[in-house]
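S.K.: Below you will find the structure I want to go over with you.
Every number in this text was worked out from the coordinates using simple rules, so none of it is lab data. Quantities reported herein were computed from a predicted structural model and do not represent experimental measurements. Don't worry about glycine lacking a Cβ; one is built from the backbone with ideal geometry, like all the others, and counts go over all protein chains shown.
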Amino acid sequence: MNDSRIPFLPFETTDIDDPSLEKTRKEINETPESRVRILEIFRKELKNLKDIEPCMEDEFLLRFLRVSKFDPSEAVKRLQKFYDQQENQLDAFKGCSFSYQKIRNLNNLWISPYRLQNNSFLLIALAGIDYTKFTFAERFYLEILAFNKQLENPVNQICGVTLICDYEGFNFRSLLTYTPGWIRCFMDSLLTVPCRLKAIHIINAPSIFSAVYKMTYPFLPKKMQDRVFVHPNNDNWRSLHSFVPADILPEEYGGKLKHKRLINCLENLETLDERFCKTLKFGSVKTKHCRNSLKFLY
């Protein structure tokens, strides 16, 4: 494929001043002036929080301002929810430890080298995992590491993510791993991450998937429910292509990209783990000692 003919923004783009992002910047009220002025207001409001010690780095705080359209009060609420959910994650992973040598072979998260028309990045999650070899906790932890990494890119912060969840291979054993507790923690994490979730596309879903759908759907706010699309399995990908262009999809989904063009989200896994553990140094005051000593990957 001749990349020069691709009319889509490359995934690697990190410059938020790119002309193609002007509309999005206006939608979220971001200007050089607002970045400085509202960031200072946001930081002052955070200093009034008594139970949370938040990270005060500009790059981190801007994630919450961007997803809140530079409304500092809304950004404070989102940051509080983020740290509340961090506590839930720590509780869910209590006592867990993951083998690097084992989970490095999961390789279930991939990104297209091109963005969609709305400039969101396209994340492909292979959900039909062999749960005789891996646990839901291992899969969930890897997804947290991957999202934490992608949020470092400011273009991802302002343009968001479009998810394709491929349920090929999902079976009854898979269903048993989807306990209400894990589902609630997973969905709450998805909704509190400071990144716009533009759409979720479900593909290759077997009939048994309907049980998962019925459990997860109620956790989504109405606005998000309208962005979930379950595509038929026998239409030669026409339904999926009506939302996601074939130009940015791999061949296995009727697209024009070789699989080797996709970007593996979980490369340099140990580095991803180190970065995530650094984020745990901030959060609830009452769990500070616990957070500072946590290590999940060995």
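S.K.: Please sort by residue number the trypsin sites (Lys or Arg not before Pro) in the stretch 98-139 whose DSSP state is loop and whose Cβ has at most 16 other Cβ atoms within 10 Å.
M.R.: Numbers: sites: 102, 104, 115, 133, 139; in loops: 104, 115, 133.
Here the sparse-neighbourhood loop sites are 104, 133.
S.K.: Cα gyration tensor of the stretch 183-289, axes a ≥ b ≥ c as square roots of the eigenvalues: rounded (a/c below 1.5), prolate (a/b > b/c) or oblate? Mind dumping the intermediate values first?
M.R.: Values: a/c = 2.54, a/b = 1.44, b/c = 1.77.
Oblate, since a/c reaches 1.5 and b/c is not below a/b.
S.K.: Once you put a point 7 Å from the Cα of residue 33 and another 7 Å from the Cα of residue 211, both along the Cβ direction, what distance in nm separates them?
M.R.: Going from the residue 33 label point to the residue 211 one covers 5.8 nm.
S.K.: OK, next. Lys and Arg at +1, Asp and Glu at -1: add these up for the other residues within a Cβ distance under 13 Å of residue 178 and post the number.
M.R.: +4
S.K.: What's the lysine pair count for the stretch 149-298 at a Cα cut-off below 16 Å, pairs eight or more apart or interchain? Don't skip to the answer; put the middle values down first.
M.R.: Numbers: 149/278; 198/222; 198/223; 214/222; 278/288; 278/295; 281/295.
Summing the qualifying lysine pairs gives 7.
S.K.: Let me ask you something else. In whole Hz, with x marking every Gly and Pro, tabulate ³J(HN,Hα) for the stretch 18-23 from phi via Karplus 6.51 cos²θ - 1.76 cosθ + 1.60, θ = phi - 60°.
M.R.: 4, x, 5, 9, 4, 4
S.K.: Relative contact order for the stretch 229-298: what percent, with Cα pairs under 8 Å and sequence separation of 6 or more?
M.R.: Result for the stretch 229-298 is 15 percent.
S.K.: Follow-up question, since we're still on this one. Nearest 5 percent is fine: what portion of the DSSP beta bridges confined to the chain is antiparallel?
M.R.: Details: 8 of 25 bridges.
Once the DSSP bridges in the chain are tallied, antiparallel ones form about 30 percent.
S.K.: Continuing with this model, one more query. Checking understanding here: applying a Kyte-Doolittle mean of at least 0.0 and a length along the axis of at least 15 Å (C-alpha), which whole DSSP H helices in the chain pass?
M.R.: 136-150, 180-192
S.K.: Can I ask one more? For a quick check: with amide H placed at 1.01 Å from N, whose amide H comes under 5 Å from residue 164's, ignoring anything fewer than 5 positions away on the same chain?
M.R.: It is 123, 124, 125, 201, by chain and number.
S.K.: Ok, one more. How high is the relative contact order of the chain, in percent, with contacts defined as C-alpha pairs under 8 Å that are six or more residues apart? Let's see the in-between values first.
M.R.: Values: 416 pairs, mean separation 69.0, N = 298.
Result for the chain is 23 percent.
S.K.: Okay, next question. Please tell me the relative contact order of the stretch 85-204 in percent, rounded to the nearest whole number, where contacts are Cα pairs under 8 Å and at least six residues apart.
M.R.: Answer for the stretch 85-204 is 31 percent.
S.K.: Hey, got a sec? Which trypsin sites (Lys or Arg not before Pro) in the stretch 1-76 land in a DSSP loop and have at most 11 other Cβ atoms within 10 Å?
M.R.: Those satisfying the criteria are 47, 50.
S.K.: Give the residue list of trypsin sites (Lys or Arg not before Pro) in the stretch 220-291 that are DSSP loop and have at most 12 other beta-carbon atoms within 10 angstrom.
M.R.: 258, 281
S.K.: Now for a separate question. Taking amide H atoms as placed 1.01 Å from N in the peptide plane, list the residues 5 or more away in sequence, or in a different chain, whose amide H sits under 5 Å from that of residue 52.
M.R.: 285
S.K.: Would you kindly state how much longer the chain becomes between residue 18 and residue 259 on full extension, computed as 0.36 nm times their sequence separation minus their alpha carbon distance, in nm to one decimal?
M.R.: 84.0 nm
S.K.: Cα centroid distance between the stretch 189-225 and the stretch 30-105, in Å?
M.R.: 22 Å
S.K.: So, one more: Which label belongs to the value computed from this structure, given these candidates for P(r) over Cα pairs in 10 Å bins from 0, in percent: [x] 6, 29, 38, 22, 5, 0; [y] 6, 22, 27, 23, 13, 6, 2, 0; [z] 6, 26, 35, 25, 8, 0?
M.R.: [z]
S.K.: Something else now. For each of 290, 159, 195, count neighbouring Cβ atoms within 10 Å of the residue's Cβ, then give the residues from fewest to most. It would help to have the intermediate numbers written out before the result.
M.R.: Numbers: 290 13, 159 26, 195 21.
Arranged by neighbour count, lowest to highest, 290, 159, 195 become 290, 195, 159.
S.K.: Quick one: longest stretch of the chain between exposed loop GluC sites (Glu not before Pro), exposed meaning at most 14 other C-beta atoms within 10 Å and loop per DSSP? Write out the running numbers ahead of the final one.
M.R.: On the way: sites that count: 12, 57, 152, 168, 267.
Between exposed loop sites, the widest span is 169-266.
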